[in-house]
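The values are calculated or read from the model by the stated rules, or taken from the named source; none is laboratory data. What you see is a predicted model; the values in this text were computed from it and never measured. Because the Cβ atoms are built from the backbone with ideal geometry, glycine has one as well, and the counts that use them run over all protein chains shown.
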C-alpha cells in the first residue's frame, strides 16, 4: 500500500509511537521559529532548562508582532531576544526584516523538514513541502533543547484539486471554500494534504496562502508536494540546493477525500465574526467599506502586492475608505520599491506600514466605530481588530483592492482585464538583517528589562480539585477571548502577573479579580474552545490566576496542549448535555484526582451547588498524565532530566 506525503515525512522523523490515527507519537524537529509575542516566554523557558545551545538544525527568533514601540517594554524585549539568541545558537531576524512565516518561506524553509513554531500560522511552511506545526512556546523550547514534539497522529485528508483558477479568483478563495465546507473545527485531528493536477497551477506563495489559513480549520497542519514549481521558487531564492522532490505514492491512501474544481470558484469573503462564515462577494452585495488592510502572513507576498499595485495604478482610493498596506518581508518591500510598484500604491493614496503583523493582531489601524474593514488577513474574531463592534471581512488582495477603489465590497471581476504577474526568475537576496549567533557565547550578556519577570511555576496536582465556576462560555471561544492581543496587552507578555489582569477582559472585565479573590476555580466552555492563536499565555495566565481545570464540549488542538503544559486539566463532557447542568457560580469538586487520573480516562465531577454528578473525559496519554501530576511540563522535565 502506497504512502501519502504526510506519512513519508512523519515516518522519517518518528522517534516513538505508531502512525495510527489517534495514537500519540513523538517526532524529531529539524527547525524552530518564534516571534516576539510568544518568543520571550519561550526563551525564558529554554533558559530554565539549562541547555547551553539550541540542538536543532536551525532555530530563528523573529520580531514581527510588537514593533509598535509606545513604551520601553517592546524595545527592551527585542534586546532580550537578540542577546538570548546570540548566546544560545539561535539566529535573530531583526525588526523590519519581515513577518516570520513569509521570511521563513523565502529564506529558510526546506522540503521534507519538520518545523515547529510558537505561532499558529507556522503551517505556512507546508506550502514548500514541510511538516510545519504551530505549538505553544514551551513545546518549542523543549524542541530547541533537543526534545521531541509529541502529538496525536492525525488523520490525513486528501484535498484533490483539479482545473485552474479563473482570472480574479485567487488562492485565498481556495481556502475560503475549504473553510465553507469544513468549518473552523472541521480540521481538528487532521492534516490537509493537497494533491491533483490543480496543484501544478499554483505557485509556492499561493500554496502558502492556503496552508497558512489551514490553521483556521483547526488542522494540525497542511501540506503541498515539493515539485518542479517548488524547485523553481527555491532556485529564484538562490536556494536551489535545498530542493528535493517529495510526492505521494501513486497508490497513496487517505482517511478522507475532498474534491475541488479550481475553475468553479469565484471571489469570496468570510463575514464577521468567523473565518468559516463564507459567502461569495456577489451574495454579500455592495456594502459600504470604511477601511481596507492588505498584508499579513496570509497575503503579503511579492505577487500579491504586485497585483494590488497593478490594480491601483493610475487610480485613487475612494475618499470614504482608508487603505493600509503592509509588505510581508524586506525582500518584498525592497523589490516593490525598486521596480516602481510601491510608487503606484502610494500614488493611489495607500498608507504604507512596516513589514510586520500590525493590524492583524490589533497592533494599530483599528477600524472606526462599527466600521466595515475588508482585510486580507486570516482571522476576523470579534474585537481582534481593536474595535469591538467592527465588522471585519476576510478577502483576497484582489477583492480588497477593488473595495479600496470603489468604497464598497466589489466583485473584482468588474474591474476589467486581469493583471498577470510573472514569477520572478530571481528574487532580491539580502540576509543582512538576519543576525547569526555569537561565535563565543561566553562573551554575550543577556539583557533583561524591568518588564521581564520570573516564569511562574505551577504546583504538583493536589489530591482534590475544588472551586467555583468562574465563567461559563459558549462555542468557539478563541484565544483572543481568553488572552487578548493588541497594543495595550501584548507588551506585557513577559510579565505574567501584569498580563493576567486581562484574562477574559473582553468577555468579563471582572474575571481576573474574581479569580484571585476565589483562589482560582474552573472555566466551562462549549465546542472548539481555544481556537485561534497558539499563544500559550491563554493557558499560562489562567494558571497564574489559579484555574484548575477547563470543562468543555471540545478543545482546539494547540490550546488543549498548552493547558496540559501548564498543569490545567482539559476535560470534555462525556455527555454534551451535561454542559447544561453547570452554571457560573456553581461549586465543583473533583475528588481523588490523582488516583482518578491513573485509573482510567474518565473522572467524576460533583456539583455541590446542585448535588448532581457528571462524568468527564480527559483522554490524556500516559506521558500527559505524568505531566499533569507534576504540575506541568517544566516540572515534569526537571523530574526526568
Report yes if some residue within region 480-492 is part of a strand (DSSP E or B), crowded, with 23+ Cβ neighbours inside 10 Å and modelled with pLDDT of 95 or more; otherwise report no.
no
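Does region 12-40 hold any residues that are at positive phi and within 23 Å of the chain's Cα centre (by Cα), and which are they?
Keep residues of region 12-40 that are at positive phi, which gives 17, 22.
Across region 12-40, the qualifying residue is only 22.
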Given the conditions (1) within 30 Å of residue 184 (Cβ to Cβ); (2) in contact with a strand residue (DSSP E or B) (Cβ under 7 Å, 6 or more places away or on another chain), every one holds for residue 249 apart from (1)
Within region 185-218, restricting to residues that are surrounded by fewer than 24 Cβ atoms within 10 Å (Cβ to Cβ) and within 15 Å of the chain's Cα centre (by Cα), the one that is nearest to residue 107 (Cα to Cα) is 188
Given (1) under 18 Å from residue 476 (Cβ atoms); (2) in a helix (DSSP H, G or I), identify the lone condition not met by residue 208.
(1)
Can you find, within region 520-544, the residue that is surrounded by the fewest Cβ atoms within 10 Å (Cβ to Cβ) among those that are part of a loop (DSSP other than H, G, I, E, B) and touching a strand residue (DSSP E or B) at 6+ places or on another chain (Cβ under 7 Å)?
526
Can you find a residue in region 508-515 that is in contact with a helix residue (DSSP H, G or I) (Cβ under 6 Å, 6 or more places away or on another chain) and assigned by TED's automatic domain parsing to the domain that holds residue 603?
yes
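For every residue, the table says whether it meets (1) assigned by TED's automatic domain parsing to the domain that holds residue 360; (2) farther than 21 Å from residue 219 by Cα; (3) at pLDDT below 95; (4) part of a strand (DSSP E or B).
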site: 20; (1), (2), (3), (4): no, no, yes, no
site: 33; (1), (2), (3), (4): no, no, no, yes
site: 42; (1), (2), (3), (4): no, yes, yes, no
site: 46; (1), (2), (3), (4): no, yes, yes, no
site: 51; (1), (2), (3), (4): no, yes, yes, no
site: 54; (1), (2), (3), (4): no, yes, no, no
site: 61; (1), (2), (3), (4): no, yes, no, yes
site: 67; (1), (2), (3), (4): no, yes, yes, no
site: 73; (1), (2), (3), (4): no, yes, yes, no
Would it be correct to say that residue 250 is assigned by TED's automatic domain parsing to the domain that holds residue 218, surrounded by fewer than 15 Cβ atoms within 10 Å (Cβ to Cβ) and part of a loop (DSSP other than H, G, I, E, B)?
yes
Examine region 86-106 for a residue that is touching a helix residue (DSSP H, G or I) at 6+ places or on another chain (Cβ under 6 Å) and on the phi > 0 side of the Ramachandran plot, and state whether such a residue exists.
yes
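Is it the case that some residue within region 262-281 is assigned to a loop (DSSP other than H, G, I, E, B), farther than 30 Å from residue 160 by Cβ and under 29 Å from the mean Cα position of the chain (by Cα)? Steps first, please.
So in region 262-281, the residues assigned to a loop (DSSP other than H, G, I, E, B) come out as 265-267, 271-277.
After this cut, where a residue has to be farther than 30 Å from residue 160 by Cβ as well, the list is 272-273.
Checking the rest, the ones that are also under 29 Å from the mean Cα position of the chain (by Cα) come to 272-273.
Yes.
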Taking residue 171 as the residue in question, decide whether it is under 19 Å from residue 43 (Cα atoms), buried (at least 24 other Cβ atoms within 10 Å of the Cβ) and in the same structural domain as residue 235 (by TED's automatic domain parsing).
no
Residues in region 405-419: is at least one under 30 Å from residue 238 (Cα atoms), touching a residue at least 24 places away in the same chain (Cβ under 8 Å), in contact with a helix residue (DSSP H, G or I) (Cβ under 6 Å, 6 or more places away or on another chain) and surrounded by fewer than 22 Cβ atoms within 10 Å (Cβ to Cβ)?
yes
Filter result (surrounded by fewer than 19 Cβ atoms within 10 Å (Cβ to Cβ) and at pLDDT below 90) within region 451-479:
453, 454, 455, 456, 457
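Residue by residue through region 182-199, note down the ones that are in a helix (DSSP H, G or I) and in contact with a strand residue (DSSP E or B) (Cβ under 7 Å, 6 or more places away or on another chain).
Restricting attention to region 182-199, the residues satisfying the condition of being in a helix (DSSP H, G or I) are 182, 197-199.
Listed by number, the residues that qualify are 197, 198, 199.
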Any residue at all in region 367-385 that's closer than 23 Å to residue 432 by Cα, in contact with a helix residue (DSSP H, G or I) (Cβ under 6 Å, 6 or more places away or on another chain) and either at pLDDT 95 or above or assigned to a loop (DSSP other than H, G, I, E, B) (or both)?
no
